[in-house]
Amino acid sequence: MWLGTQRVNARGHLEIGGCDALELAERFGTPLYVLDEDALRRRCREYRAAFETLKPDTEIVYAGKAALNRALCQIIADEGLGLDVASGGELYTALQADFPRERIHLHGVYKTETELQMALQADIGAIVIDNFEEIRRLHALAHTPTPIMLRVAPEVDAETHPLIRTGQRDSKFGFHWLNGDAYRAVESVLQTPTLMLRGFHCHIGSQISDLSAFVSAATAMVEFADTVRQRFGYIAPLLNIGGGLAVRYTPDDQPPSVQAYAQTLIGALREACEQYRYPEPALGVEPGRSLIAEAGVTLYRIGAVKQVPHEQPNLPRKYLIVDGGVSDNPRPQMYGARYTARHATRAAEPHTCTYRIMGKHCETDPIIDCAYLPETHTGDVIAVLTTGAYAYSMSSNYNRYPRPAMVAVRGGEARVIVARETYDDVLRMDR
């Protein structure tokens, strides 16, 4: 499973962005987040080409919760995408990176008054309202017309892990229409002169391979918009269907292409608009994981090899203990996320030995339960693929470990875009 610019170089080592993975580990230390900048940029362009060819008024907005720092903001801005931020910290990062403010959307299920004030002062492109309290807060804070969208729960139960579903009936996100909240929210916003309703937003979940879920979401949103038109005379100029397209974590994963996703989503939108005789609105999509996940790799060094005499037939008995784990990537422990590993120095050799890769923390923190590698020894460096999304952004100082550095690689050059934390950084806020 080769992703982005990954290949085997003349030394038999894994190469990413023209940089030898072993040399990256020795130069910058491990654990190390590696961002394949060309892979990320190509994916941005793939999204733009797929949607803009079929529907030029599509807004493509990167979901920054997947991974965000100032360098990433600049790359996303360079590629002409918008940016969805889900907290004051993400908004502050975008503003410090001079991201074009008119292309920023502030999201989140609970925005504090401070966060809303920051968004209003920055005059960003839109605030996505999630609950009635936010309508009241914005009414009190906004003194000039403020562009907003309303997030609604479309009653679509996507086939993915329960912890990353967001559009089903029991979702905490958005206004639900079965109990009438979504329609009451529309009425309230339309009666508030300082709120300019740009349209409606939904999101059904993440790591979704079944395109029919997106068809259901688009159809449900047009049906909702049509009911709003009949009740209030408001015609939505924009329907944002969120993100959620799956990526490749293992060779078994075969997610739909961006082109197939665009064709399916736009086709569903147009078919629903024709069915309800609804004026076709602009389309919004918010890829996060599907933009950046495959552009990320984490390098680890093996600290110990253990032979464990367990009796579980599906797990290898040989364990590799690496110098990272749950503090730099909690996803395997949180919801059983699966990954693929590659040996950094023997990348061309058959990966036929099975190992269980474990973290170094005071937890049972498996990174990969059954990884295929060449024979691997203490001191070797391995690469865990597809860690661009939700590893860095969910990292912590658990066990008081400093967070890893992140380097962007491109054309044989590597630049640090997040410095490695030190022990002093871990202590910095202690009193």
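The values are calculated or read from the model by the stated rules, or taken from the named source; none is laboratory data. Just so we're clear, the structure is a prediction, and the values are computed from it rather than from any experiment. With ideal geometry, Cβ positions are generated from the backbone for all residues, glycine too; neighbour counts draw on all protein chains shown.
If only residues of the range 120-130 that are in a helix (DSSP H, G or I) and among the aliphatic types (A, V, I, L, M) are counted, the one that is surrounded by the fewest Cβ atoms within 10 Å (Cβ to Cβ) is Ala122.
Looking only at residues in the range 291-311 that are touching a Lys or Arg at 6+ places or on another chain (Cβ under 9 Å) and assigned to a loop (DSSP other than H, G, I, E, B), the one that is modelled with the highest pLDDT is Val308. If the condition is being under 11 Å from Gly324 (Cβ atoms) and surrounded by fewer than 23 Cβ atoms within 10 Å (Cβ to Cβ), then the range 403-419 contributes only Arg403.
Condition (residue is crowded, with 18+ Cβ neighbours inside 10 Å and aliphatic (A, V, I, L, M)) applied to the range 420-427: is it met by at least one residue? So far as the range 420-427 goes, no, none of its residues is crowded, with 18+ Cβ neighbours inside 10 Å and aliphatic (A, V, I, L, M).
Of all residues in the range 144-155 being touching a residue at least 60 places away in the same chain (Cβ under 8 Å) and touching a Phe, Trp or Tyr at 6+ places or on another chain (Cβ under 7 Å), which is farthest from Ile204 (Cα to Cα)? Here the residue is Met149. Here are the criteria: (1) under 25 Å from Glu15 (Cβ atoms); (2) in contact with a His (Cβ under 6 Å, 6 or more places away or on another chain). Tell me which single one Asn329 does not satisfy. Here Asn329 meets the rest and fails (2). For the range 198-222, residues that are touching a strand residue (DSSP E or B) at 6+ places or on another chain (Cβ under 6 Å) and over 14 Å from Ser290 (Cβ atoms) total 6. Report yes if some residue within the range 257-280 is over 30 Å from Pro56 (Cα atoms) and in contact (Cβ under 8 Å) with a residue 24 or more places away in the chain; otherwise report no. So far as the range 257-280 goes, no, none of its residues is over 30 Å from Pro56 (Cα atoms) and in contact (Cβ under 8 Å) with a residue 24 or more places away in the chain. Exactly one residue out of Leu141, Leu106, Leu91 is in contact with a helix residue (DSSP H, G or I) (Cβ under 9 Å, 6 or more places away or on another chain) and either more than 20 Å from Val189 (Cα to Cα) or touching a residue at least 60 places away in the same chain (Cβ under 8 Å) (or both): that is Leu91. Whether any residue in the range 343-366 is in contact with a Ser or Thr (Cβ under 9 Å, 6 or more places away or on another chain), modelled with pLDDT under 95 and not hydrophobic (A, V, I, L, M, F, W, C) is what I want to check. Within the range 343-366 (the criterion being in contact with a Ser or Thr (Cβ under 9 Å, 6 or more places away or on another chain), modelled with pLDDT under 95 and not hydrophobic (A, V, I, L, M, F, W, C)), the answer is yes, since at least one residue qualifies. Is it the case that some residue within the range 247-263 is out of contact with any helix residue (DSSP H, G or I) (no Cβ under 7 Å at 6 or more places or on another chain) and β-branched (Val, Ile, Thr)? Yes, the range 247-263 contains a residue that is out of contact with any helix residue (DSSP H, G or I) (no Cβ under 7 Å at 6 or more places or on another chain) and β-branched (Val, Ile, Thr).
When you look at Tyr300, is it at negative phi and out of contact with any Gly (no Cβ under 9 Å at 6 or more places or on another chain), yes or no? Judged against the criteria, Tyr300 is not a match. The residue that is surrounded by the fewest Cβ atoms within 10 Å (Cβ to Cβ), among those in the range 205-241 that are in contact (Cβ under 8 Å) with a residue 60 or more places away in the chain and part of a loop (DSSP other than H, G, I, E, B), is Gln207. It is to be established whether one or more residues within the range 48-55 are within 18 Å of Phe99 (Cβ to Cβ) and outside the structural domain of Val409 (by TED's automatic domain parsing). So far as the range 48-55 goes, yes, one or more of its residues are within 18 Å of Phe99 (Cβ to Cβ) and outside the structural domain of Val409 (by TED's automatic domain parsing).
Counting only residues that are over 19 Å from Ala126 (Cβ atoms) and of a type in the set (Ser, Thr, Tyr), the range 51-68 holds 1 of them.
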